[in-house]
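What follows is a set of notes on a single structure, which appears directly below.
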Amino acid sequence: MAEDNAYKSNLTLDEIVFENRNKAYGAYDLRTSYRSVLTKSFILGTILFLVAAITPFVIMKIKQMNAKEATEVNANLIDILPEEPIIEEVVEDEPPPPPPPKEEEPQQEVIQNVVPEPVKAPKVETPPPPITKQLETTTGLIAQEGVKTPSYTPPPPPPGPTKSTTVEVKPQVSETQVYTEVEQLAEFPGGINSFRSKVNSSFDTSVMDGDEGTVKTEVTFVVERDGSITDVKANGSNKDFNAEAIRTVKSIKNKWAPAKINGQSVRYRFRMPLTMQFE
């Protein structure tokens, strides 16, 4: 028993921990080699620190040994003369040459066609022979022809002012155009009231329902040059009322007096509002 205790007292902590265990396990190997590894690491770190600390001093010493000896140079200062300023010659710009004279364009003579005014020829009157020559003429038995005085024929009197006749040109009137403004309106025999009464009497109120109230429309038609009526239209809101108004106007066969411009018959568009009350 005493021997076992003596044996166990000589064991290290690692051997006690790994007793009856597999010591080939990595942890046991690490524990047994820890002290030697730590010692080696400390020694190696110390060596590296000393090398890093000594290296700069070694490099500086090598540079001092290889440095060349400085050569002294005596430099005596001398007076520095100021540089003479360089005077630049100013070259004056030569004035530009005068522009060449403009060539005058040859003027073209404009010949106007001027009709000369007629000038009356001056009257040429032959003066009678002087009295002294008449006295020198001798009277004899032989008949001699005397000097014939040229007869003077007065010029014809200038023509008097001619009377200008003004011809009034009347504008041409189209036979196909439908006019809305004329000098003389188209007229129904007996007047427009007679035409309205014929429309009222011919209008068939049975086509309406009777409860429409007030119905309005505008009837338009063309009064032809011969007085007949064409192109009858009605513009209103009630279609039945418009259709009956057109039929009624077409049923009136009386011819109108056509409208006129400059005394000529023309086609004219007539407008007539039509209103009826249905109750």
Q. In this structure, is residue 33 among the hydroxyl-bearing types (Ser, Thr, Tyr) and modelled with pLDDT of 85 or more?
A. no
Q: Looking only at the range 204-225, decide whether some residue is surrounded by fewer than 15 Cβ atoms within 10 Å (Cβ to Cβ) and free of Cβ contacts under 8 Å to residues at least 24 places away in the same chain.
A: yes
(Q) Can you tell me how many residues within the range 248-274 are surrounded by 15 or more Cβ atoms within 10 Å (Cβ to Cβ) and of a type in the set (D, E, K, R)? (A) 3
Q. Identify, please: which residue in the range 221-247 is out of contact with any Asp or Glu (no Cβ under 8 Å at 6 or more places or on another chain) and β-branched (Val, Ile, Thr) and is, among those, nearest to residue 259 (Cα to Cα)?
A. 223
Q) Restricted to the range 169-191, and to residues that are among the aliphatic types (A, V, I, L, M) and surrounded by 12 or more Cβ atoms within 10 Å (Cβ to Cβ), which residue is modelled with the lowest pLDDT? A) 173
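Listed here are the residues, each with its yes/no results for (1) under 59 Å from the mean Cα position of the chain (by Cα); (2) among the hydrophobic types (A, V, I, L, M, F, W, C).
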residue: 202; (1), (2): no, no
residue: 214; (1), (2): yes, no
residue: 223; (1), (2): yes, yes
residue: 226; (1), (2): yes, no
residue: 229; (1), (2): yes, yes
residue: 240; (1), (2): yes, no
residue: 245; (1), (2): yes, yes
residue: 250; (1), (2): yes, no
residue: 255; (1), (2): yes, no
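The values are calculated or read from the model by the stated rules, or taken from the named source; none is laboratory data. Nothing here was measured: the structure is a model prediction, and the numbers come from that model. Heads up, the Cβs are rebuilt from the backbone with ideal geometry, glycines too, and the neighbour counts pull from every protein chain shown.
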